[in-house]
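Novice: Please find one structure pasted underneath; my questions will follow.
The values are calculated or read from the model by the stated rules, or taken from the named source; none is laboratory data. This structure is a prediction, so every number in the text was calculated from the model and none was measured. Heads up, the Cβs are rebuilt from the backbone with ideal geometry, glycines too, and the neighbour counts pull from every protein chain shown. To get the accessible areas, we keep the full protein, side chains included, count just its heavy atoms, and leave off ligands, DNA and RNA. Shrake-Rupley method; radii C 1.70, N 1.55, O 1.52, S 1.80 Å.
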Amino acid sequence: MTNAAASSQEEDISAPATLLEEQLFIFNALPAAYLLLSPELKIEAASDGYLQATLTERDKLIGQYIFDAFPDNPEAVEAHAVNNLKSSLLKVLSTAQPHEMELQHYDVPDPKNPGQFVKRHWLPRNTPVLGPDGRVRHIIHCVANVTDKIKIEGHLRESRTREAMAHAAAEENEQARQQVDAINQELEARVALRTQELQQARQQAEWQRKRIQDIFMQAPVAIGIFTGKQYTVELVNPLMCGILGKEAEELLGKSLFEAAPGLAGQGFKAIFTDMLHTGKPYIRKEMPVNHKKDGKEKTRFYDVVYEPFRDDQKEITGVILILTEVTEQLEARLAVESGKQQAQTLASELAVANEKMQLANAEIHASNTELSNTNEQLKRINTELDSFIYTASHDLKAPILNIEGLVEALRDELPPESLRLETIQRLISMMLESVKCFKNTIYHLTEITRLQKETAVEVEAVDVQEVVTSVQMDLANLIEEASAQLLVDVSESKTVSFARKNLRSILYNLLSNALKYRSPDRPLIVNVRGYATAQYHVLSVSDNGLGVDLTQQSKLFGMFKRLHMHVEGSGIGLYMVKKILDNAGGKIEVSSTVGEGTTFSVFFPLTN
């Protein structure tokens, strides 16, 4: 059945049932292998050629989900047959364009031997059948059975291989005779050369060992390696010695918790013991550690990474501990939160003052004066807060870039043999990841300052579909990775009066959240819908993902707050979305059911 025929059938709704039956009869009689699928990938019709090629019966196929009828052969795991076909069918559904697949190894169930499969090789092509509205109503799945051709080609290759092997064997016999003489002559020379190579290898290994130790000692983070059940100190760099409060000579060769007993009570020993049993890395952010600094007992905060240390047989023999101090970043963030709290407290005090002004006309003048003073104080606090955030982010950029440059320089200086060492690769990767996290924190602080200062932005009539398409292109890789289906209908609200960059930021955050927090139990479907009310243009983004517990809704739009910790995130996206809408006089609402999905509704004022 062609696309034109399918379209004509959709348009002629009043066509007699006999015509549909006749068309189905013609489809069934096709000598080639065809399947007719619904958009839900259920089998609607199968040609005689398809039944013959797949060893199936029509009444057992019709109405079945295609991958229930034709599952993967568990003994042909390398074929990825179901995944390949599903990707092609989803592509046809999303693009409404035909898709021709490469040669596929897709075995079919053996009807004579339940649980067994018959080997098949196919050349598939998937063609959409579009309705009058341009949407995919059916998919024609056409396959060419090339199994016999593949078998013949395989036999031909085997025959040629045997012939080549026989010819090579004859040549090898002659060469072997010649090589025996050459081997005897070269044996003594090889022994001497091997002796020289071993000596050079020992020298190179010693140089690499010293080079690796130099890297540890100069690393901008605290590093220690502790081995055995007593956690014997095998290596510590100067920063780790500073945290432990002792020189390296006082630590090396000794049990960590005997040399620094204060660490055992801070949770380190329990984590070490658990890691030796499970072998799972452990990462903790902003962990408080008590140690002496400048002769005084102080609490500092660190991002802590525990990695299992393995020997050549991959057995866990110890722990690698990496500490990156984040005390200043934590204090900066707490200062921001404290400033917000102060601002909210002052706002409450202003409300009380206004009520008192209405009750006592005699105190109006004094209250106005107090209100003016309070507003000035609030302005000074906000100005000082913005200045602090700007200064902190600006002053921290140079050191973190220097650290990143030093790590890159160390990697460039290392010989290729050292860079291939698993430990070196992991440590350099973790240092660069720590730098990346630090840079992201600085960027988010800068973005918060920008939003705090943003009072007037350029408003224009923005084409919603155009912005959705742009964001969809930016997220194309993530959409493909998630095999997500994105459905967009903004026909009832084609344009909104808003800042283009802010609308794009809102859509990017909501769509990327839907992709990141998808459910592993079902294909992801995301709906973007636009409509208008009496006061607002409304844009909703709905998904069938994990969902959120709305009892924690107060945290949902908070700064640096996250409800799901199993994927990467900064906890700043929804805070920025709400801040943008608050500044523009809009609002955002959320409805969600855990395990079913979430809907965010964004309200843009009709006049902005």
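Novice: Return only the number of the condition from (1) in contact with a Pro (Cβ under 9 Å, 6 or more places away or on another chain); (2) at pLDDT below 90 that TYR517 does not satisfy.
Specialist: (1)
Here is a yes/no grid of residues against (1) farther than 26 Å from HIS277 by Cβ; (2) outside the structural domain of GLU297 (by the TED database); (3) more than 49 Å from the chain's Cα centre (by Cα); (4) among the acidic types (Asp, Glu):
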residue	(1), (2), (3), (4)
VAL180	yes, yes, yes, no
ILE183	yes, yes, yes, no
THR195	yes, yes, yes, no
TRP207	yes, yes, no, no
GLY228	no, no, no, no
GLU234	no, no, no, yes
PRO238	yes, no, no, no
LYS246	yes, no, no, no
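Per-residue answers, yes or no, for (1) within 27 Å of PHE25 (Cα to Cα); (2) in contact with a Phe, Trp or Tyr (Cβ under 8 Å, 6 or more places away or on another chain); (3) assigned to a helix (DSSP H, G or I):
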| residue | (1), (2), (3) |
| --- | --- |
| LEU85 | yes, yes, yes |
| ASN113 | no, no, no |
| PRO128 | yes, no, no |
| HIS141 | yes, yes, no |
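Novice: Related question: Between residues in region 153-173 that are on the phi > 0 side of the Ramachandran plot and without any contact (Cβ under 8 Å) to a residue 12 or more places away in the chain and residues that are open to solvent by 90 Å² or more (accessible area, probe 1.4 Å) and part of a helix (DSSP H, G or I), which pairs lie under 7 Å by C-beta distance while being six or more apart or on different chains?
Specialist: Going by the 7 Å Cβ cut-off, there are no qualifying pairs.
Novice: Still on this structure, I have one more. Please verify whether VAL319 is within 25 Å of the chain's Cα centre (by Cα), within 27 Å of GLN425 (Cβ to Cβ) and not acidic (Asp, Glu), treating the condition exactly as stated.
Specialist: Judged against the criteria, VAL319 is not a match.
Okay, residues lined up against (1) modelled with pLDDT under 85; (2) assigned by the TED database to the domain that holds LEU244; (3) in a loop (DSSP other than H, G, I, E, B); (4) surrounded by fewer than 18 Cβ atoms within 10 Å (Cβ to Cβ):
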| position | (1), (2), (3), (4) |
| --- | --- |
| TYR302 | yes, yes, no, no |
| ASP312 | yes, yes, yes, yes |
| SER348 | yes, no, no, yes |
| ALA353 | yes, no, no, yes |
| ASN368 | yes, no, no, yes |
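Novice: I'd like the full set of residues that are of a type in the set (A, V, I, L, M) and either open to solvent by less than 70 Å² (accessible area, probe 1.4 Å) or in contact with a Gly (Cβ under 6 Å, 6 or more places away or on another chain) (or both), limited to region 56-65.
Specialist: The answer is LEU61, and nothing else.
Novice: Follow-up. Residue under question is LEU385, and the condition is that it be surrounded by 13 or more Cβ atoms within 10 Å (Cβ to Cβ), modelled with pLDDT under 75 and either in a helix (DSSP H, G or I) or not basic (Lys, Arg) (or both); does it hold? Outline the logic, then answer.
Specialist: Values: surrounded by 13 or more Cβ atoms within 10 Å (Cβ to Cβ): yes; modelled with pLDDT under 75: yes; either in a helix (DSSP H, G or I) or not basic (Lys, Arg) (or both): yes.
The answer is yes for LEU385.
Novice: Continuing with this model, one more query. May I ask you to list the residues in region 410-464 that are part of a helix (DSSP H, G or I), over 28 Å from ARG333 (Cα atoms) and either touching a Lys or Arg at 6+ places or on another chain (Cβ under 9 Å) or modelled with pLDDT of 75 or more (or both)?
Specialist: ASP412, GLU413, PRO416, GLU417, SER418, LEU419, GLU422, THR423, ILE424, GLN425, ARG426, VAL464
Novice: Related question: Residues in region 66-86 that are among the charged types (D, E, K, R) and either under 18 Å from ASP110 (Cβ atoms) or open to solvent by less than 20 Å² (accessible area, probe 1.4 Å) (or both): how many?
Specialist: From region 66-86, those among the charged types (D, E, K, R) are 68, 72, 75, 78, 86; that's our starting set.
Checking the rest, the ones that are also either under 18 Å from ASP110 (Cβ atoms) or open to solvent by less than 20 Å² (accessible area, probe 1.4 Å) (or both) come to 68, 72, 75.
Number of matching residues: 3.
Novice: Kindly provide the set of residues from region 480-533 that are of a type in the set (A, V, I, L, M, F, W, C), closer than 23 Å to LYS587 by Cβ and crowded, with 17+ Cβ neighbours inside 10 Å, ordered by number.
Specialist: VAL490, VAL496, PHE498, ALA499, LEU503, ILE506, LEU507, LEU510, LEU511, ALA514, VAL526, VAL528
Novice: Which condition number in (1) modelled with pLDDT of 85 or more; (2) outside the structural domain of LEU244 (by the TED database); (3) of a type in the set (Val, Ile, Thr) is the one that THR324 fails?
Specialist: Tallying (1) modelled with pLDDT of 85 or more; (2) outside the structural domain of LEU244 (by the TED database); (3) of a type in the set (Val, Ile, Thr), THR324 fails exactly one: (2).
Novice: Which of the residues spanning region 234-260 are open to solvent by 40 Å² or more (accessible area, probe 1.4 Å) and either of a type in the set (Phe, Trp, Tyr) or assigned to a loop (DSSP other than H, G, I, E, B) (or both)?
Specialist: Listed by number, the residues that qualify are GLY245, LYS246, GLU247, LEU252, GLY253, LYS254.
Novice: Consider GLN230 carefully, then state whether it is modelled with pLDDT under 75, polar (S, T, N, Q) and open to solvent by 10 Å² or more (accessible area, probe 1.4 Å).
Specialist: Taking the combined requirement at face value, the residue does not satisfy it.
Novice: Can you find a residue that is touching a residue at least 24 places away in the same chain (Cβ under 8 Å), open to solvent by less than 90 Å² (accessible area, probe 1.4 Å), closer than 26 Å to VAL407 by Cα and in a helix (DSSP H, G or I) anywhere in region 186-207?
Specialist: yes
Novice: Hey, does region 287-298 have a residue that's in a loop (DSSP other than H, G, I, E, B) and within 22 Å of VAL221 (Cβ to Cβ)?
Specialist: Yes - at least one qualifying residue is present in region 287-298.
Novice: Then there's this: Of the residues that sit in region 370-382 and are more than 41 Å from the chain's Cα centre (by Cα) and surrounded by 12 or more Cβ atoms within 10 Å (Cβ to Cβ), which one is modelled with the highest pLDDT?
Specialist: Ranking the candidates gives GLU370 first.
Novice: Determine which single condition GLU75 fails, assuming it passes every other condition in (1) at pLDDT below 90; (2) part of a strand (DSSP E or B).
Specialist: Tallying (1) at pLDDT below 90; (2) part of a strand (DSSP E or B), GLU75 fails exactly one: (2).
Novice: Next up: Just give me the residues in region 573-600 being more than 14 Å from ASN509 (Cβ to Cβ) and open to solvent by less than 20 Å² (accessible area, probe 1.4 Å), in sequence order.
Specialist: GLY586, GLY597, listed by residue number.
Novice: For region 208-227, give me each residue that is of a type in the set (Lys, Arg) and open to solvent by 70 Å² or more (accessible area, probe 1.4 Å).
Specialist: ARG209, LYS210
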